[in-house]
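Structure, as structure tokens:
All of the numbers you see were taken from the coordinates with simple rules; none came from a lab. If you're wondering where the values come from, they're calculated on a predicted model, not measured in any experiment. Because the Cβ atoms are built from the backbone with ideal geometry, glycine has one as well, and the counts that use them run over all protein chains shown.
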Amino acid sequence: MKTDLKPKYKRIVLKLSGEALAGDKGFGLDEEIIAGVVDQLIRVHDMGVEIGIVIGGGNFWRGRQGTSMDRTTADHMGMLATVINSLALQDAIEQKGVPTRVQTALNMVSVAEPFILRKALRHFELGRIVIFACGTGNPYCSTDTGAALRACEINADILLLAKNVDGIYDDDPKTNPDAKKIDRITHMEVINRGLKAMDTTAITMCMDNDVPVLAFALSEKDAIVRAIAGEQTGTLITNEN
């Protein structure tokens, strides 16, 4: 499937929350949601964009759920949840005819490749989508940090942060009806104002390596395609005012 839209970015990392893949069910995988995401990814791929994807695991397990559990164990369980989501998305994409590879930060060679930067770059050269699972492979690190790390490593043009809200607000829009959406902001402002766009480690890493971040609502029609085309959507975080 071809599209008339022209991409603004050549290589991107898309961060999807696990909860987004669960849809209204809140747990597990919603096939309709996955199909909608995959259709957009195929369109973006056909635009010639090199796509890396990082998925959270919150639709199955979040490390902070294990309140009475050792934090390292709980976080490793969360990493395994991201592999379930990554394999599901890989299968859905490949059913549409686009070759895809899952690379994991933890070794599990029976189901996926280990993350090797040069292999990932080679996959991009060959027109494959690469899904990066297990976050950074370390406990105490979120999948936001994993996405920021991979974006820096592969020299992505932008990190796309697909959220359940349409951008970043100056306050929590769920509790404050007067909260105002921010169209553009710097990484440093996000940190200084304590805005909950992504965790501080991730936003600092993007700032230090000059990786812009676009936070937008996955639920909006053609949100991923429009973001790749450079349309004004969501909130853009850059090092420039």
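Before moving on, here are some points about what is shown:
- Simple label model, 7 Å out from Cα along Cβ direction - Asp70 to Glu231, nm: 4.9 nm
- Each residue of region 83-88 was assigned a 3J(HN,Hα) from its phi angle through the Karplus curve 6.51 cos²θ - 1.76 cosθ + 1.60 (θ = phi - 60°); the sequence is 5, 4, 5, 5, 5, 4 Hz, with glycine and proline shown as x.
- Sorting Met79, Met207 from the fewest to the most surrounding beta carbons within 10 angstrom yields Met207, Met79.
- Under 5 Å, built H, 5+ apart or other chain: amide partners of Gly230: Lys8
- Nonlocal amide H pairs with Thr104, under 5 Å, H built at 1.01 Å: Glu113, Phe115, Ala133
- Distance between the pseudo-spin-label points of Arg184 and Asn155 (7 Å out from Cα toward the beta carbon): 2.6 nm.
- Of the peptides 192-205, 221-234, 109-122, 41-54, the order by per-residue mean of other Cβ atoms within 10 Å, starting with the highest, comes out as 41-54, 221-234, 192-205, 109-122.
- In terms of distances greater than 19 angstrom between alpha carbons, the cross-link table entries Lys25/Lys163; Lys6/Lys119; Lys15/Lys196; Lys8/Lys119 yield Lys6/Lys119; Lys8/Lys119.
- Taking the DSSP beta bridges with both ends in region 11-238, the antiparallel portion is around 15 percent.
- Taking label points 7 Å from Cα along the Cα-to-Cβ direction, Gln95 and Lys196 give a separation of 3.4 nm.
- Taking other C-beta atoms within 10 angstrom as a stand-in for reagent exposure, Lys15, Lys96 fall in the order Lys96, Lys15, fewest first.
- Karplus-based coupling profile of region 35-52, in residue order and whole Hz: 4, x, 5, 5, 4, 5, 4, 5, 4, 5, 4, 5, 7, x, 7, 8, 10, x, with θ = phi - 60° in 6.51 cos²θ - 1.76 cosθ + 1.60 and x standing for Gly or Pro.
- Here region 145-213 and region 48-104 have alpha carbon centers that stand 20 Å from each other.
- For region 1-97, the Kirkwood radius over C-alpha pairs fed into Stokes-Einstein at 4 °C and 1.567 mPa s yields D = 89 µm² per second.
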